[in-house]
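The values are calculated or read from the model by the stated rules, or taken from the named source; none is laboratory data. All values derive from a computational prediction rather than experimental measurement. Cβ: placed from backbone, ideal geometry, glycine included. Neighbour counts: every protein chain shown. Heads up: the accessible areas ignore ligands, DNA and RNA and are worked out on the full protein's heavy atoms, side chains in. Shrake-Rupley method; radii C 1.70, N 1.55, O 1.52, S 1.80 Å.
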Protein chains: 2
Amino acid sequence: MASYKLSQISTTAPEKIDKDETKARLEDILGELDDLQNLLYAEHKHSLLVVLQGMDASGKDGVIRDVFGKMNPLGVKVQPFKAPTAEEADHDFLWRIHQHAPAKGMVQVFNRSHYEDVLVQRVHKWVDEETIYRRFKAINAFEQLLAQHNNTYVLKFYLHVSQEAQMQRLEERTHDPRKMWKYNEKDFAEAKLFKKYWKAYEDVFKHCSKIPWIIVPADHNWYKEYLIAKTVRDTLKSFKMKFPKLEVGKK
Amino acid sequence: MASYKLSQISTTAPEKIDKDETKARLEDILGELDDLQNLLYAEHKHSLLVVLQGMDASGKDGVIRDVFGKMNPLGVKVQPFKAPTAEEADHDFLWRIHQHAPAKGMVQVFNRSHYEDVLVQRVHKWVDEETIYRRFKAINAFEQLLAQHNNTYVLKFYLHVSQEAQMQRLEERTHDPRKMWKYNEKDFAEAKLFKKYWKAYEDVFKHCSKIPWIIVPADHNWYKEYLIAKTVRDTLKSFKMKFPKLEVGKK
């Protein structure tokens, strides 16, 4: 079992890392990603599921726009998970999630995910602790199902933002005309539960790390995006994919 | 682990059971079922998943028509599972199944199911044995997910038909005008694999009985239907359901 103390993990880019240089490297990686995603689609053998979790304003939307938005949308799907609809709530918590599991050849990005059911629901005590622990088990089994039965690689990113950076970004939404559409009164109430969310996340990392979590310092957008793009690039490369050869008249 | 030898289990109604009397009792049970299903729908707390498995011509369609067809279709759904489509084959084998898991208050009938992936695919050696055993585990985890996380009761029926009865029914399809639409040339080839299917079923009963199988002697339709209707009735009764009380102005 992995054990983390979020208060002891940096939310900022390492000091020795140069911002401009990193941004230039990100551009190179995005070019590689475009090619690799095309190959993934062409080979039709693997699939990639990217789970993005993090507090409000931790920058999930930004990663989707600036990293996954650079790939061919034919092979990339993004699914946000908000409060369950009435129909979704009438099923087990993984029902709506499973429907969006990636098909072979596809990249699927989850903006929030099944982990909300062991985070927001736990922090607000909408479900009892026994249910939470049963859900941890169900989540592990579900992720193994995808990995073992459809060759799906699951990448789980936690966008690790400091309380100060979060508050600053939420404040921006109250006066920046281009960000007002993101404003949600409730976010400020949720932000007050920061410590409780950290605790709930630490427990997720402890109990749901059969497929490991990647903790991404998220106070600097440029570093966060670089790290995620690089991880996705390295993951796709590790598949050692090849374009299928022409097979004429073999079937 | 449950252990079964299908060759030692009767495919016929017990001799002491009277046909006419049983048919009359079935009628009574169908009336009860109608009420119970209405209560299930009204209470909106439980759901019931009925898995129907059995060889070709074991009478799955008949049960659906004569038992589940007597309930209110508003609260009963039937889903047949045939050879996977291209889109389904691009996902894990439980992807298409999970989508049809019953919502709260509903009865869902599977005409064939996820078990085909450890039966037909195994008998024809389309997948290796390691995969089959991994699928057994995934199936158990999936059924637990439904049971534990959506209050779904899973009833698994195996319609146990003799080789002789099966062959007779398949023959009927070649000359009875009302049954010809069911004729499929391939069924006769599959019927030759009878013993291999029994062996594959025995292994399913052994490895996937966390939620137990109910083996239904299926050579006599009247007895098969009675037994299934009775089991469903007893199961629904065991939920001890109540109509919700009127709550005015409480929310």
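Here are the numbers for this structure:
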item: Other-chain or far-sequence residues with amide H under 5 Å of residue B:154's (modelled H); result: B:49
item: Across the identical copies, how the residue B:246 labels are spaced - nm, sorted shortest first, 7 Å along Cα→Cβ; result: 7.7
item: Exceeding the 29 Å Cα-Cα cut-off - candidates B:137/B:179; B:23/B:104; A:156/A:196; B:16/B:156; B:77/B:242; result: B:137/B:179; B:23/B:104
item: Length-normalised contact order of segment A:139-226 in % [C-alpha pairs under 8 Å, at least 6 apart]; result: 44
item: For the protein assembly as shown, Kirkwood radius (reciprocal of mean inverse C-alpha pair distance, Å); result: 25.9
item: At 7 Å out from Cα toward Cβ: residue A:235 inter-copy label distances (nm, ascending); result: 3.8
item: For residue B:206, inter-copy label distances in nm, listed shortest first [label point 7 Å out on the Cα-Cβ vector]; result: 4.0
item: Relative contact order of chain B, defined on C-alpha pairs under 8 angstrom at six or more residues apart (%); result: 35
item: Accessible area expressed per residue, segment A:42-238, with surrounding protein chains retained (probe 1.4 Å, Å²); result: 44
item: Distance from segment B:211-251 to segment B:19-92 (C-alpha centre basis), Å; result: 10
item: Whole-number percent relative contact order across segment B:12-147, with pairs defined as alpha carbons under 8 Å at least 6 apart; result: 29
item: Computed P(r) (all Cα pairs; segment A:42-238; 10 Å bins; percent); result: 8, 35, 38, 17, 2
item: Cβ-based charge dipole, chain B, positive-most Cα from B:9, B:191, B:246; result: B:246
item: Delta accessible area of at least 10 Å² on complex formation, residues of segment A:80-105, 1.4 Å probe, chain isolated as reference; result: A:89, A:90, A:91, A:92, A:93, A:94, A:95, A:98, A:99, A:101, A:103, A:104
item: Where B meets A: accessible area buried, both sides, 1.4 Å probe, Å²; result: 2000
item: Whichever aspartates and glutamates have a C-alpha closer than 15 Å to that of residue A:210, once near sequence neighbours (fewer than 8 apart) are set aside; result: A:143, A:202
item: Estimated FRET transfer efficiency when R0 is 51 angstrom, pair residue B:17-residue A:42 (beta carbons, to 0.05); result: 0.25
item: Residue-span extension gain [residue A:234 to residue A:8] - 0.36 nm each, minus C-alpha spacing; result: 78.7 nm
